[in-house]
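Participant: Submitted below is the structure of interest, expressed as structure tokens.
Just so it is clear, none of the values below were taken in a lab; they were calculated from the coordinates. The structure presented is a predicted model; accordingly, all values stated were derived computationally and were not measured. Note that each Cβ is placed from the backbone with ideal geometry, even for glycine, and that neighbours are counted across all protein chains shown.
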Amino acid sequence: MTAFILSLSMGAVFADETVVADIQEVDVKTESEEILEIETAVKEIQVTVSQDLQNHETYLVSTVGCAGKTTIRKVMFPIWTERNGQDDLHWYEGIRDSDGEYRITVNNQNHGFETGIYNIHTYIYGDSGQVLKTLVNTYMQEAERPIIKIGEIENNCYKVSISGVSNAQGVIGVSFPTWTQSGGQNDLRWENGNYVGHDTWETTINIDNYQRSYDTFITHAYITNCDRQQKFIGETEQCILNPFDQEPLKISSKQQTDNSKFVVNTENCKGKSGIKSVWFAVWSERNGQDEIRWYQGTRDNNGEFVMSDDVENHGFETGPFIIHAYLRGNNEENIAFADNLFKMEKMNATIEYDHAVLNNTFKMRIRNVGDQNGVTSIVFPTWSRTNGQDDIRWEPATYIGGHTWEATIHLKDYQMIVDDFISHAYLTDKNGHMVFLTDSVKRILQNTQTIYGYFAYPLDKNYRPNANDPTDWFGPRWGDIHEGVDIPADRYASCFAVGDGIVEKADYFMGYGRYIRIRTTDRYGESVSFFYGHLQEINVSVGQTVSKGQKIGSVGGSGYNAQGNYSDNAFGSHLHFGAIANADDACVDPEIWIDFHNPNSN
């Protein structure tokens, strides 16, 4: 159809002022002509289907002839298998590539891993959403023959995989029944497979789950199809040999830094499969296996098994120790054996003492005791140097753990108090014989009976504990130990340092509320810390040096009340005064140093 368009030429004015029109001829298309043109344009479009050469379970669908067609908005591909109608129908939207064609990749995983005939429809849509063209194709996806593979053993596990599983009935799962050959199928396990892509399913076989560590492991593969029917598709075997048949087990032993202990470890278990546990049997050469001990080894960061032993576990015997190592498999069967001989050298015993001598009493200890015939007991014959052994006493020691025996020496049991006290140490072995170990001397510089006057009183001397109330004093109270002396006093009454020292604590502390602790030394140079509890004020800070008689705080009643809440009035106004000897946090009676019954004697 031809149409004419009239236009005025603005500069063309003739002499008679007649306006002349330019006449242009253009083409105008009807709707039917446009539809015919679009249909002609898409008529030549076709669809091709080809197998993905990189992955058997996928194929490629592509248009041919869409390039340059501006009237196409999108292309859709509904696809389903011939089996069971459209139960697996899946719509794919084509992706336009650089060539202007629309492509998709179809994975049979989206269709239940079915092979066989696939129906492929194509819908080409125009700009207005109208369907411009439909095409119908079919594609035959062939089934492959399944291939089963087995992996290397690592950390007592190996993998079994099978590929080419897709089939005409589809796949909803794969199972790998596995067992060891020796016992038939008495350890049969159905191991579930996991889909890992590329038409491949995989499972992990853990050797620990079977009765034997070293055997022929048989694995079958079964698929479960979309009809929930199982079908055998392959089998394989893994023959696991005992690596210790070729390389015997090796163990070693050595003494630890703590002279009473030694460590045993395997040397060639790393990376070897089939080991469920390692047990070490240890005993001394003396009297056969009368003190044999069994230890289970633990695997260290290097993949070896290790255990530690202590002469304490063998009656403190020294000398040669026999060590057997047994490797056990999944059914607790012995799979390897090794032995070793370790010699525990003679131990050097040492004696030590408490620094403080309180109320004419001190403790002595002996460490690192051992003997080739063991140890059943220890005694300390002790006497004062003056007049020889006229006051000798055989002080029995008690084992307190940590290779340490301890005895308490009461000076009042001896004829001299200010003297050198000599102690020998003897053990009694398992044969009943006494063996000398070592000796030592403790020098007592001055009579350690309580002598008041060295330390000051912590309050004004008019404040004192109630002599008739036992709960004010150090000792048992209400089923527990009252670790100090309670001195009733007015709130805000001044508290004084009882001696020269350094502030160790100055803050809220446990149930004491506001709390100060000062470290000092007594007249004999022994360390002692005094503490002040339930204060109203703290006037010193940690690390500060204080002098005897210096004000450090004031009396209060701070602490936790009966409801467990902190309060400045948790208690009646008083000072809780306590002492700690040797800086070991063990509270002792402060009246060893300060007279609370008669404050004026301080």
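Participant: All other residues with a Cβ under 13 Å from the Cβ of Gly388 taken together, and with Lys, Arg as +1 and Asp, Glu as -1, what is their net charge? It would help to have the intermediate numbers written out before the result.
Facilitator: Working: positive: Arg385; negative: Asp390, Asp391, Asp419, Asp420.
It works out to a net charge of -3.
Participant: Points 7 angstrom from Cα along the Cβ direction at Asn348 and Asn462: gap in nanometres?
Facilitator: Computed distance between label sites Asn348 and Asn462 equals 6.3 nm.
Participant: Counting only residues 5 or more places away or on other chains, whose amide H sits under 5 Å from the amide H of Glu537 once H atoms are built in the peptide plane?
Facilitator: Result for Glu537 returns Ser554.
Participant: Please list 3J(HN,Hα) in residue order for segment 379-389, calculated via the Karplus relation 6.51 cos²θ - 1.76 cosθ + 1.60 where θ = phi - 60°; whole Hz, with x for glycine and proline.
Facilitator: Each residue's phi maps through the Karplus curve to give 10, 10, x, 9, 8, 7, 5, 4, 6, x, 9 Hz.
Participant: Show which lysines lie in cross-link reach of Lys133 when reach means a straight Cα distance below 21 angstrom and same-chain residues fewer than eight apart are skipped.
Facilitator: List returned: Lys43, Lys69, Lys74.
Participant: For semi-axes √(5λ) of the Cα gyration tensor in Å, the choices are [x] 45, 30, 23; [y] 94, 49, 19; [z] 48, 42, 19; which was calculated from the structure?
Facilitator: Given [x] 45, 30, 23; [y] 94, 49, 19; [z] 48, 42, 19, the structure-derived one carries the label [y].
Participant: Quick check: net charge around Ile72, other residues with Cβ under 11 Å of its Cβ, Lys/Arg +1 and Asp/Glu -1?
Facilitator: Net charge around Ile72: +3.
Participant: Each residue of segment 557-571 in turn: what ³J(HN,Hα) in whole Hz from Karplus with 6.51, -1.76, 1.60 and θ = phi - 60°, glycine and Pro shown as x?
Facilitator: Listing the rounded values in order: x, 6, x, 9, 7, 5, 8, x, 9, 6, 8, 6, 10, 5, 10 Hz.
Participant: For Asn107, what charge total do you get from the other residues with a beta carbon under 10 Å from its beta carbon, if Lys and Arg give +1 and Asp and Glu give -1?
Facilitator: Details: positive: none; negative: Asp52, Glu57, Asp199.
Result for the neighbourhood of Asn107: -3.
Participant: List the lysines whose Cα sits under 29 Å from the Cα of Lys250, skipping any in the same chain fewer than 8 residues away.
Facilitator: Lys261, Lys270, Lys272, Lys276, Lys343, Lys346
Participant: Taking 0.36 nm per residue of sequence separation and subtracting the Cα-Cα distance, how much length would be gained by fully extending the chain between Glu237 and Tyr560, in nm to one decimal?
Facilitator: 109.0 nm
Participant: Looking at the square roots a ≥ b ≥ c of the eigenvalues of the Cα gyration tensor of segment 487-602, which shape do they give, rounded for a/c under 1.5, prolate if a/b is larger than b/c, or oblate?
Facilitator: Numbers: a/c = 1.63, a/b = 1.49, b/c = 1.09.
Taking the square roots of the gyration eigenvalues as a ≥ b ≥ c, segment 487-602 is prolate.
Participant: List the residues whose amide H sits under 5 Å from the amide H of Gly297, counting only those 5 or more places along or on another chain, with H placed 1.01 Å from N in the peptide plane.
Facilitator: Distant-sequence amide H within range of Gly297: Val278, Trp279, Phe280.
Participant: Taking only C-alpha pairs under 8 Å that are 6+ residues apart, what is the relative contact order of segment 33-141 in percent? Please list the in-between numbers first.
Facilitator: Details: 218 pairs, mean separation 29.0, N = 109.
In percent, rounded to a whole number, it is 27.
Participant: Quick one: which residues, 5 or more positions from Tyr92 or on another chain, have an amide H under 5 Å from its amide H? H modelled 1.01 Å from N in the peptide plane, none for Pro or chain starts.
Facilitator: Residues meeting the criterion, in which the H sits 1.01 Å from N, are Phe77, Ile79.
Participant: In addition: From the backbone phi of segment 91-108, what are the Karplus-calculated ³J(HN,Hα) couplings (6.51 cos²θ - 1.76 cosθ + 1.60, θ = phi - 60°) in whole Hz, Gly and Pro given as x?
Facilitator: Karplus-based 3J(HN,Hα) across segment 91-108 equals 9, 10, 9, x, 10, 6, 9, 5, 8, x, 9, 9, 10, 9, 10, 9, 9, 5 Hz.
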